[in-house]
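What follows is calculated from the coordinates using simple rules that are stated; it is not laboratory data. Quick caveat, the model's predicted, so the values are computed rather than measured. Because the Cβ atoms are built from the backbone with ideal geometry, glycine has one as well, and the counts that use them run over all protein chains shown.
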Amino acid sequence: MYIHWEKGLELGNDLIDTQHRMLILLCRKLDIAIKTRAGEQLIRWVMMELKKFTEFHFTSEENLMHEIGYPGVDEHALIHADLLVQLDMMLAKISHHKEFPEDLLFFLNKWVAQHVVNEDLKIAEFARCSDKRPIGEDLYGQYLLSGKAQSKD
Ligand SMILES: [Fe+2]
Ligand SMILES: [Fe+2]
């Protein structure tokens, strides 16, 4: 199994898609760090990078839901909390065994992909038609996807 970005994961929302790409990149980075037997401390640092970015992404997505008036914010936030618990458990497992667990890739793939296509898709669809627009909704498109930093201030 190889974790990579694919068209099916793209939801059509610049903020969500950009952050999901980074999330998948960090899963891949962790996988490479473990498979190439990087030092224990290096692997720990990469795990922390993945965990911190995941927390950031969940906060970002929850803010987006509030901004657009998404009706299922609490439910979605609970799923995020549960995913973080699962990630913590998997990271602890890697830490303690100090070797590559056979099911890491399977776990990360399922963990990321299923949530994206089952749950995050609903936010992207709602965001498309909501009258309430997210704060600075063009920023991700302008700054991160095109790479052109433009200020309208
Ligand atoms: Fe989510
Ligand atoms: Fe997400």
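Return the single residue from Asp82, Asp131, Asp74 with maximal mean-square fluctuation; model: Gaussian network over the chain, springs between Cα atoms under 10 Å. Residue with maximal mean-square fluctuation among Asp82, Asp131, Asp74: Asp131. A simple spin-label model places the labels of Tyr143 and Cys129 3.1 nm from each other, with each point 7 Å out along Cα-to-Cβ. Taking each residue as 0.36 nm, the span from Met48 to Lys29 lengthens on full extension beyond its C-alpha to C-alpha distance by 5.7 nm. Our coupling estimate for segment 76-81, obtained by passing each phi through the Karplus curve with A = 6.51, B = -1.76, C = 1.60 and θ = phi - 60°, is 5, 5, 5, 5, 4, 4 Hz, Gly and Pro reported as x. GNM remark for the chain: springs join alpha carbons under 10 Å apart, and the peak mean-square fluctuation among Thr18, Thr59, Thr36 falls on Thr36. Pairs exceeding 24 Å between alpha-carbon atoms, taken from Lys7/Lys122; Lys51/Lys110; Lys52/Lys132; Lys51/Lys93; Lys29/Lys93; Lys93/Lys122: Lys52/Lys132; Lys93/Lys122.
Around the Cα centre of segment 1-62, unit charges on the Cβ atoms of Lys, Arg, Asp and Glu (plus for the first two, minus for the last two) sum to a dipole of about 440 debye.
Only DSSP H runs of four or more residues enter the estimate; each adds -39500 (n - 2.57), and after division by the residues of the chain the mean residue ellipticity at 222 nm equals -21500 deg cm²/dmol. With R₀ fixed at 22 Å, the C-beta to C-beta distance from Glu10 to Asp82 puts the FRET efficiency at about 0.35.
The charge dipole of the chain, taken about the Cα centre with unit charges on the Cβ atoms of Lys, Arg (+1) and Asp, Glu (-1), comes to about 620 debye, rounded to the nearest 20.
Seen from a random direction on average, the alpha-carbon convex hull of the chain projects onto 9.9 square nanometres.
Once the Cα-Cα distance is subtracted from the 0.36 nm per residue extended length, the Arg21 to Glu40 segment shows a gain of 4.3 nm. At an R0 of 25 angstrom, the distance between the Cβ atoms of Phe56 and Val117 translates into a FRET efficiency of 0.75.
Comparing mean-square fluctuations of Lys29, Lys51, Lys110 from a GNM of the chain with C-alpha springs under 10 Å, the top value falls on Lys110.
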